[in-house]
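Please read the structure below before turning to the comments.
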Amino acid sequence: MKTALHELAQLQIVKACNQLGMQAQMEYVGNGWKADVFIQYNCKKYAFEIQNSPQTLKKTLERQSKYERDGVVGCWLFTYEKVRKSPKENQELENLPLFNVFINDGDVWVSLKNRKTMLLKDFLYDFLNGRIKFCYKIKALPLVDLNII
């Protein structure tokens with residue numbers, strides 16, 4: 001079921017992509033999947049899913065595997081017009097880009113957990129250019145001893 005937030009997010013993704021010189025397609029049908037918005041950019045394919053209804057982590061991973069099978073990066077944007085739980089309260093996994101979206105003053109915002117919130121347009125630009133990382137926990141860099149003589 002589409003809601004006002006779903007439709008607004010869908011339209012703002014398409015508008016932002018057009019402003020960034022990318023072509024976005026709404027309701028794109030693939031092999032056993034349908035993306036709310038589909039984008040090809042920098043030789044990669046992206047499917048954006050605006051998820052309104054509750055969905056289990058298992059179901060999300062099943063749907064994500066269809067994108068992976070077809071060489072598509074799936075990105076999940078869970079809406080919160082009512083109190084809903086997304087998979088594992090939006091557990092971040094390395095192979096599952098999953099974020100919360102909400103409306104504020106007519107704009108769609110994306111929550112990057114406790115890190116920050118961004119306008120959808122800014123999020124898209126950063127996500128499509130590899131500037132948004134998603135994982136369950138921060139990976140520590142190896143320690144290096146540096147001796148200067």
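The values are calculated or read from the model by the stated rules, or taken from the named source; none is laboratory data. Being a predicted model, the structure only gives us computed values, none of them experimental. Every residue, glycine as well, gets a Cβ built from its backbone with ideal geometry; the counts of neighbours run over all protein chains shown. The protein model used for the area step is the full one, side chains on, heavy atoms only, and it has no ligands, DNA or RNA in it. Shrake-Rupley method; radii C 1.70, N 1.55, O 1.52, S 1.80 Å.
Before moving on, here are some points about what is shown:
- Accessible surface comparison of Glu27, Glu68, probe 1.4 Å, protein chains only, largest first: the order is Glu68, Glu27.
- Probe 1.4 Å - accessible area at Asp107, Å² to nearest ten: 60 Å²
- The modelled label-to-label distance between Leu119 and Ile149, using points 7 Å beyond Cα along the C-beta direction, is 5.5 nm.
- Spin-label model distance (nm) - Glu27 vs Ser65, 7 Å beyond Cα toward Cβ: 2.9 nm
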